[in-house]
Every structure is written in structure tokens, then in C-alpha cells.
1. When DSSP beta bridges are limited to those with both residues in the stretch 285-403, what percentage is antiparallel, rounded to the nearest 5?
2. Relative to the longest principal axis of the chain, what angle (0 to 90°, nearest 10) does the C-alpha long axis of helix 25-36 take?
3. With a cut-off of at most 12 other beta carbons within 10 Å, and DSSP calling the residue loop, which GluC sites (Glu not before Pro) in the stretch 238-327 qualify? Please list them.
4. Under the rule of -39500 (n - 2.57) per DSSP H run of 4 or more residues, summed and divided by the residues of the chain, what mean residue ellipticity at 222 nm is obtained, to the nearest 500 deg cm²/dmol?
5. What is the stretch 261-408's relative contact order, in percent, from Cα pairs under 8 angstrom and six or more apart in sequence?
6. If contacts are Cα pairs under 8 angstrom and at least 6 residues apart, what is the relative contact order of the stretch 11-116 in percent?
7. Sort 99, 214 so that the residue with the fewest other Cβ atoms within 10 Å of its own Cβ comes first and the one with the most comes last.
8. Can you pull out the GluC sites (Glu not before Pro) in the stretch 47-95 that DSSP calls coil and that have at most 14 other Cβ atoms within 10 Å?
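Laboratory data are not the source of any read-out in this text; all were calculated from the coordinates shown. For clarity, every value in this text was computed on a predicted model and none was experimentally measured. Heads up, the Cβs are rebuilt from the backbone with ideal geometry, glycines too, and the neighbour counts pull from every protein chain shown.
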Amino acid sequence: MAEHPAYPVGLRLTGRRVVVLGGGQVAQRRLPALIAAGADVVLVSPEVTASVEAMAQAGEITWKRRRYQEGDLADAWYALIATDDHDANTRASAEAERHRVWCVRSDDADAATAWTPATGHSEGVTVAVLTSSARERDPRHTAAIRDAVVEGLRDGTLVAPHHRTRTPGVALVGGGPGDPDLITVRGRRLLAEADVVIADRLGPRDLLAELPPHVEVIDAAKIPYGRSMAQEAINDALVEYAKQGKAVVRLKGGDPYVFGRGMEEVQALAEAGIPCTVVPGISSSISVPGAAGIPVTHRGVAHEFTVVSGHVAPDDERSLVDWPSLARLNGTLVILMGVDKIGKIAETLIAHGKSPDTPVALVQEGTTAAQRRVDATLATVAETVRAEDVRPPAVIVVGEVVTIGPGA
């Protein structure tokens, strides 16, 4: 008799009785999904793993500490049979057949009336993969297909645009330190769904090349400012495109809220009644030193790290940084946007007690193919920057942690 393919279906198990026989590794893997589906789970097993026991103690499942007995599957909607007793499994499977309970068997897929697909989730979508017949069952193959589809949906390489009416809005996405692989999964997916991308110069530029041709990419540095300040013009552009009903992504380098003026844009959008989603990004303050082999903290060396902006000099009346206090700290000092002010910063730190021999590392174009590291001390850093022609963007690390990594 010809074998027919399995019929795929999504079970709605909320509040419905599901019986699991066996408390080993199979049950441990399957129970979380059943609990998440809202099922009324009854587990029958004399022994269970520590994780399964924790689920029972938390009240997520009901645990009957005994072996399978005839009648356990009465009134069940679905059953998972996963004991190490083949005879008990066969008897339970027969009971399920009599009561018309869909039944999965971990020990004998051919004897089951249902199979568990390889499943994954991405933004409200469940991906479930089944082989077409018992003869062709290959769990590793179905899992690999599942992983490929879910990963593609998450990172945007598998584009599945929404066709429902979208509410105008803006996603403020932190692009990370520069390497396109270091953007978050959610950020990459939102980029793939965008109609308009307004990008900073320091955003991960390689990501823009992956966008479909219909996406309008706007360089924030080239928005015509007229009589407005640059940030005001960017805010206006975000509001204007969102009001046109387009999906707008504001792609920023690092994290939007770490010296990224992200809150200014969120406030402008809120005032205009435009919803905004903020997607955090990996800040260059920790990722760039890490990429250069420098830990910002290390046991016995630094128990804290401080991140400051160096875009204005210490003697500038606009500076909000307490440089004398920073000079007294024992931990790591990370300076962003401070290449052209590092000479004055070093002088100020030394003047307030920091040793001139304090190690300094400058990491230019961190996490990209152009990354390079230049080492100095507070006493020599200004001249080193000139001699080595260090240019922005560069992250400056001050402290003993500079000397302990493999790149030191």
C-alpha cells in the first residue's frame, strides 16, 4: 500500500489536557513548547530530570510519580510517549488509538499517529518542518532546514514582506561598531523590511549594499540643513517619511543612546505622534577594545570602566565631564570621539594625578577590515597620534588593561 505524506496542522492546546509519559531528556526538550502553548500538561513518570522537576515545582505541569497505567490517556487531546519501556509505550499507543488521541512516540515513529516537527519562531511566525514519510525521516536534515529558514527570516536574508496595512513608524536601530555581522538580529530584520533608511556615516555601511533596489537610502550627513541645525533636519526627515506611510529605519553606529542623540530623535517623533521602536546596538565602547584584545575590566586589574565623550576639550565651557574625578579612578577610561582632543585630555588627567606612564591604546576603525591599534602612554599619546596619523573613528582606552591582552 502506498505511503501517504503526513498532514501538517497547528494544534491549539490552550487549556486542553496533554499527557506526557516519561520524564527524561525527550520530555525535557518537548515540555517548554507545550507549556508555552498553554496546555494542561500531566506528566506520568516515576523519575524525572532536574529540569522537569523544576517545571513541576513551579506549577507549570502536574507530575504523577508512577509508571503508566491504563486509563492515563482518557480525556487527553494529545499525548507524547517517551518512556524507556517499549511494552508500556506500545500499550499506551494502543490506548491512544482507541480514544482517538493524537500520539507521538519517541521510540517508534512508524507506530505513532503524529510526528513532532522541527520548529522555530521569528516575530510571530512559527516555522515547522516535517519529512514527507516515515521512511525519509531524518531529524538532523529537518532541523537544518528549520534553522536555515528561521535564521533567514531573522537576519533579513530571506525576505518575506508584510502585505497587511502598516502603521507609519520609525525604527531607531543601533548598527553596532562597524562589522555588519555585529548588528542585532532584530535590527537586520527591520532593515530588510524598510522602505527608507536614513543612515549615519558611522553606521555599518556594508549592510546598505544588501538592501533591495526599491529601498531609498539617505545619507544623514547630506540632508540639506538650510537654516536648521543638522539634528533638527534629521528629525524632520524622519517625521516626513513616516507620515508618508513608509517603514523608516534610522540606522546609527553603535547604540542609539550612547552618544548617538537617539533620545532627541525619539522625542521629536513622539511630539509628532509617530510611533518609534528602539533597537539597542553593540556599543563601540566595549566591542572595539574587545576586538583589539583589550578587556575593559579584568580581575585584579580593573573593577570598573567609565565611558566619556571627548568631542569637547576639558577646558571647553561646554564640557560636562568631571575630568579631575576621572583622574583619581583606578579603573579603565574609555574615550569616544576624542582623537583630536586627546592631547589636552592627557594633560588634564596628568595634572590631576594620573601617572604619565598610564598605558593608552587607540583602536581605529574597530571591528572592520581597516582596524588598527596604536599604543602609547598618557605622556606620549598626543605625539603618537600625530606621528601615526590616527584618525576618527577611533576608541581610546586608558588604563592598565591595555597591557594584559594578547595584542599588548
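1. Values: 16 of 21 bridges.
Here the share of antiparallel DSSP bridges comes out near 75 percent.
2. The helix 25-36 is inclined about 80 degrees to the chain.
3. Values: sites: 240, 264, 265, 271, 304, 317; in loops: 304, 317.
Here the sparse-neighbourhood loop sites are 304, 317.
4. Numbers: 11 runs with 114 residues, N = 408.
Theoretical 222 nm ellipticity from helices: -8500 deg cm²/dmol.
5. Values: 251 pairs, mean separation 39.7, N = 148.
27 percent.
6. Numbers: 197 pairs, mean separation 27.7, N = 106.
Relative contact order comes out at 26 percent.
7. Working: 99 14, 214 6.
The fewest-first ordering by Cβ neighbours comes to 214, 99.
8. Details: sites: 47, 53, 60, 70, 95; in loops: 47, 60, 70.
Loop-located and lightly packed - 47, 70.
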